[in-house]
Amino acid sequence: MKIRTKDIYDADPDAVFGYLTDPAFLKARAEAIGTRNVKVTVEKGGDAVRITLEREVQSDAPGPLKKFVPEWNPSVQKESWKVQPGGPYLGKASIEIEGVPVSARSRMKLAAGENGGSVMLIETEFKSSVPVVGGKLASFAGETAKETLKAEYAFTKKRVDG
């Protein structure tokens, strides 16, 4: 399953990127949307930024998927960004959820908007190698991610744009 999001901010790409690479902001955002035991590491060097976000994510899997998806799941999200002041900022991310046979890979682009501000595009693909229910697991993960991304965007927009 693939999902795509388009987030629009009034602030310029440099300001938005500043938030998206600030460990305190990322921790606050993760906690605000309901995750727990959040740990954020940000490494900056040259024209690259690497972010590791460890957290426990709550899940409400439908009946047949419950044996594959516990109520709370430790997850690790790793992002790598190419820094280009003024943008576009290009990033890749992977998310692994402990004990859940689904993987997610994302491509991200943060660039100036046509009429000012900035636009963040995210495309994520979810895959599962489990026979028979793998497609349902990937779809469940994708639908859950849509809600998470929506909540993260609302939190970020409020902080970035006021």
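Of Ala15, Ala11, all but one fail to be of a type in the set (A, V, I, L, M), more than 15 Å from the chain's Cα centre (by Cα) and in a loop (DSSP other than H, G, I, E, B); the exception is Ala11. Selection within the range 113-135: residues that are in a strand (DSSP E or B) and among the hydroxyl-bearing types (Ser, Thr, Tyr). The member of this set that is farthest from Tyr89 (Cα to Cα) is Thr124. Inclusion of Ala138 among residues that are part of a helix (DSSP H, G or I) and in contact (Cβ under 8 Å) with a residue 60 or more places away in the chain is warranted. The listed residues are Lys67, Lys158, Lys136, Lys146, and the only one of them that is modelled with pLDDT of 95 or more and of a type outside the set (Phe, Trp, Tyr) turns out to be Lys158.
Residues considered: Ala11, Ala24. Of these, the only one that is crowded, with 17+ Cβ neighbours inside 10 Å, within 25 Å of Gly117 (Cβ to Cβ), at pLDDT 95 or above and among the small types (Gly, Ala, Ser) is Ala11.
Filtering Pro101, Pro85 for residues that are touching a Gly at 6+ places or on another chain (Cβ under 8 Å) and in a loop (DSSP other than H, G, I, E, B) leaves a single hit, Pro101. All of (1) more than 17 Å from Arg55 (Cβ to Cβ); (2) modelled with pLDDT under 95; (3) not small (Gly, Ala, Ser) hold for Val100 with one exception: (1).
Being free of Cβ contacts under 8 Å to residues at least 24 places away in the same chain, polar (S, T, N, Q) and surrounded by fewer than 19 Cβ atoms within 10 Å (Cβ to Cβ) is a property that Thr41 has.
Per-residue answers, yes or no, for (1) touching a residue at least 40 places away in the same chain (Cβ under 8 Å); (2) under 21 Å from the mean Cα position of the chain (by Cα):
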| site | (1), (2) |
| --- | --- |
| Ala112 | yes, yes |
| Asn115 | no, no |
| Phe126 | yes, yes |
| Val130 | yes, no |
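Ile95 fulfils the conditions (1) among the β-branched types (Val, Ile, Thr); (2) closer than 25 Å to Lys27 by Cα; (3) modelled with pLDDT under 90 except for a single criterion, (3).
The set of residues in the range 114-158 being in contact with a helix residue (DSSP H, G or I) (Cβ under 9 Å, 6 or more places away or on another chain) and not hydrophobic (A, V, I, L, M, F, W, C) consists of Gly117, Ser118, Thr124, Glu125, Lys127, Ser128, Lys136, Glu152, Thr156. Ile122 versus (1) among the hydrophobic types (A, V, I, L, M, F, W, C); (2) modelled with pLDDT of 90 or more; (3) at positive phi: which is the lone unmet condition? The one condition Ile122 does not meet is (3).
The values are calculated or read from the model by the stated rules, or taken from the named source; none is laboratory data. Predicted model only: the values in this text are computed from it and were never measured. Methodologically, a virtual Cβ is constructed for each residue, glycine included, from the backbone with ideal geometry; neighbour enumeration extends over all protein chains shown.
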